[in-house]
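> Attaching a single structure in structure tokens format; questions to follow.
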Ligand SMILES: Cc1cc2nc3c(=O)[nH]c(=O)nc-3n(C[C@H](O)[C@H](O)[C@H](O)COP(=O)(O)O)c2cc1C
């Protein structure tokens, strides 16, 4: 398995990009400056009609225990959920604050913009030497979780980004063949 690289460092970063499995995410969390930088990178996500649907909710330290409480309360007595937020030193819940009937920008586009914002955070985290993984699961869709995080029921949590320092580099990934995903259209 060979990692593809490119002479352009930005392109290389994209070619090599990969998630870090949660067990490899350890203390310390990004400091306040690094976190600021990562979240500023999210603000350049493409955004139809400047909706700025993005909400980044950071959860660190003991707040992760309280998020565990919220998860358990959401899914009664599923104690395994309590420790989920402890898998990394920092969680960024990335949410789209949805405006349902916008004349130009349907909800799907607001969610797409928010997804791209989340990926900008992941790319910036990696560039700054941190690892991250984007996770959702039933908790991301649960009304009780949304409410506890200060979101409206129509808002969407596009992901929980688990972020931390690297215990060791994330394993390399094989990627699909481009040709399986490419088509050239030249008319009907
Ligand atoms: C919207 C979204 C939700 C995801 N939710 C989960 C999840 O709940 N659990 C999981 O194992 N991976 C989830 N993933 C996938 C991982 O973030 C990651 O992309 C995957 O493990 C492949 O690793 P790679 O990014 O290095 O290719 C999700 C990805 C996206 C885009």
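A short reminder: the numbers here are calculations on the coordinates, not readings from a lab. If you're wondering where the values come from, they're calculated on a predicted model, not measured in any experiment. FYI the Cβ positions are ideal-geometry reconstructions off the backbone, even for glycines, and counts take in every protein chain you see.
> How big is the Cα convex hull of region 128-188 in projection, averaged over all directions, in nm²?
8.7 nm²
> Using Cα-Cα distances under 8 Å and only pairs 6 or more residues apart, what relative contact order does region 1-153 have, in percent?
Answer for region 1-153 is 32 percent.
> How would you rank 90-100, 149-159, 135-145, 173-183, highest first, on the average number of other Cβ atoms within 10 Å across their residues?
Averaged packing, sorted descending, gives the order 90-100, 149-159, 135-145, 173-183.
> First measure r as the distance between the Cβ atoms of residue 167 and residue 99, then evaluate 1/(1 + (r/R0)^6) with R0 = 35 Å and state the FRET efficiency to the nearest 0.05.
0.30
> Just from its helices, what would the mean residue ellipticity at 222 nm be for the chain, if runs of 4 or more DSSP H residues each count -39500 (n - 2.57) and the sum is divided by every residue, rounded to the nearest 500 deg cm²/dmol?
-10000 deg cm²/dmol
> Continuing with the same structure: Only counting other Cβ atoms within 10 Å, I'd like 109, 7 sorted with the fewest neighbours first.
Sorted ascending by nearby Cβ count, the order is 7, 109.
> Residue 58 versus residue 27, label points 7 Å from Cα toward the beta carbon: distance in nm?
With each label point 7 Å from Cα toward Cβ, the separation is 1.8 nm.
> Once you keep just the Cα pairs under 8 angstrom separated by 6 or more residues, what percentage relative contact order results for region 48-127?
39 percent
> From the square roots a ≥ b ≥ c of the eigenvalues of the alpha-carbon gyration tensor of region 36-84, which class results: rounded (a/c under 1.5), prolate (a/b over b/c), or oblate?
Cα axes put region 36-84 in the prolate bin.
> Subtracting the Cα-Cα distance from 0.36 nm times the residue separation, let me have the gained length for residue 149 to residue 86 in nm, one decimal.
21.0 nm
> Okay, moving on. Could you give P(r) for region 86-188, binned at 5 Å from zero, as whole percent values over all Cα-Cα pairs?
2, 11, 16, 17, 16, 14, 11, 8, 4, 1, 0
> Let me ask you something else. If you wrap a convex hull around the alpha carbons of the chain, what volume per residue comes out, as a whole number of Å³?
168 Å³
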